[in-house]
Amino acid sequence: TQLLEQSPQFLSIQEGENLTVYCNSSSVFSSLQWYRQEPGEGPVLLVTVVTGGEVKKLKRLTFQFGDARKDSSLHITAAQPGDTGLYLCAGPSGTYKYIFGTGTRLKVLA
Amino acid sequence: NAGVTQTPKFRILKIGQSMTLQCTQDMNHNYMYWYRQDPGMGLKLIYYSVGAGITDKGEVPNGYNVSRSTTEDFPLRLELAAPSQTSVYFCASSPRSGLEGLPGNTIYFGEGSWLTVV
């Protein structure tokens, strides 16, 4: 059974600080996605990483896919209150399904 | 831009009651999913469908049933509601399956249905 474990589970930081969120598995994934979910809403896709070692940047967010395609990280530079939310990684499981990680709940204090 | 629409948004059920969560998408996606999200947790797949007439179980299917008579609609039925089914339910759709069409294969989520069983 494929599992995606995220760490940390909770993170509370001050505005302007940097942070990194991790998504780990013992299984190899062909790709991984990162979603952000704000309170009362469904998750929204941030990025898809496909190639081992790939780094993608989305403004202050940097996503990395591990060389062995078993892990991924999300780094936020100079966090802002608008970054507050639940960050989820997701990957394909079998032919048709996606599984989601356990989630990291981020709170950025002004 | 409707996307994925779920109803109802909120519902309180008594133990043993049944109900159906409705989900419809207007993007002509073949792949549809039902997830549940317990407080502060990630998403667990209940059922999924790869097209009209085809459904299959996910990680946590017990206590639920689905049907897919059209491409647009994917209702989730709860039979004999139990307190353990108190959760937020998300319907989602995607244009391609997990293993094909990797970049850009976004999963589009509805806004969620908050269900409490008392």
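Only the coordinates and a few stated rules stand behind these numbers; no lab work does. Keep in mind that what you see is a predicted model, and the values were worked out from it rather than measured. Every residue, glycine among them, receives a Cβ derived from its backbone with ideal geometry; neighbour counts consider all protein chains shown.
Return yes when residue B:53 is over 16 Å from residue B:21 (Cβ atoms) and surrounded by fewer than 20 Cβ atoms within 10 Å (Cβ to Cβ) and no when it is not. Yes. Within region A:84-110, the residues that satisfy the criterion of being touching a residue at least 60 places away in the same chain (Cβ under 8 Å), closer than 30 Å to residue B:51 by Cα and in contact with a Ser or Thr (Cβ under 7 Å, 6 or more places away or on another chain) are A:87, A:89, A:91, A:92, A:99.
Do the conditions hold for residue A:51, that is, is it surrounded by fewer than 16 Cβ atoms within 10 Å (Cβ to Cβ), more than 14 Å from chain B (Cβ to nearest Cβ), touching a strand residue (DSSP E or B) at 6+ places or on another chain (Cβ under 7 Å) and of a type in the set (Ser, Thr, Tyr)? Write out each step before concluding.
Details: surrounded by fewer than 16 Cβ atoms within 10 Å (Cβ to Cβ): yes; more than 14 Å from chain B (Cβ to nearest Cβ): no; touching a strand residue (DSSP E or B) at 6+ places or on another chain (Cβ under 7 Å): yes; of a type in the set (Ser, Thr, Tyr): yes.
Against the criterion (surrounded by fewer than 16 Cβ atoms within 10 Å (Cβ to Cβ), more than 14 Å from chain B (Cβ to nearest Cβ), touching a strand residue (DSSP E or B) at 6+ places or on another chain (Cβ under 7 Å) and of a type in the set (Ser, Thr, Tyr)), residue A:51 does not qualify.
The strands (runs of 3 or more DSSP E) falling completely within region B:1-111 that include 2 or more residues that are of a type in the set (S, T, N, Q) map to B:4-7, B:19-25, B:87-94.
Given the criteria within 13 Å of another protein chain (Cβ to nearest Cβ), under 10 Å from the mean Cα position of the chain (by Cα) and part of a strand (DSSP E or B), does residue A:22 qualify?
No: the conditions fail for residue A:22.
Is it the case that residue B:60 is under 15 Å from residue A:93 (Cβ atoms), out of contact with any Phe, Trp or Tyr (no Cβ under 7 Å at 6 or more places or on another chain), touching a residue at least 24 places away in the same chain (Cβ under 8 Å) and not acidic (Asp, Glu)? When the stated conditions are applied, residue B:60 passes them. Report whether or not residue A:44 is within 11 Å of residue A:88 (Cα to Cα), among the aliphatic types (A, V, I, L, M) and surrounded by 12 or more Cβ atoms within 10 Å (Cβ to Cβ). Against the criterion (within 11 Å of residue A:88 (Cα to Cα), among the aliphatic types (A, V, I, L, M) and surrounded by 12 or more Cβ atoms within 10 Å (Cβ to Cβ)), residue A:44 qualifies. For first residues located in region A:1-29 and among the charged types (D, E, K, R), partners that are in a strand (DSSP E or B) and lie 6+ apart or on another chain with Cβ distances below 9 Å form the pairs A:5/A:22; A:5/A:23; A:5/A:24; A:15/A:108; A:15/A:109; A:17/A:76; A:17/A:108.
For region A:61-79, a residue qualifies if it is in contact with a strand residue (DSSP E or B) (Cβ under 6 Å, 6 or more places away or on another chain) and not hydroxyl-bearing (Ser, Thr, Tyr), and the qualifying residues are A:61, A:63, A:64, A:65, A:71, A:74, A:75, A:76, A:79.
Only one of the listed residues (B:80, B:13, B:76) is touching a residue at least 24 places away in the same chain (Cβ under 8 Å), away from chain A (no Cβ under 14 Å) and within 11 Å of the chain's Cα centre (by Cα). That residue is B:76.
Scanning region A:74-90 for residues that are more than 13 Å from residue A:4 (Cβ to Cβ), of a type in the set (Gly, Ala, Ser) and in contact with a Gly (Cβ under 9 Å, 6 or more places away or on another chain), which turns out surrounded by the most Cβ atoms within 10 Å (Cβ to Cβ)? Checking each candidate, the answer is A:79. Inside region A:1-19, residues that are charged (D, E, K, R) and part of a strand (DSSP E or B) make up a count of 1. Filter region B:1-50 down to the residues that are surrounded by 12 or more Cβ atoms within 10 Å (Cβ to Cβ) and among the aromatic types (Phe, Trp, Tyr), then identify the one that is nearest to residue B:88 (Cα to Cα). So the residue we want is B:35.
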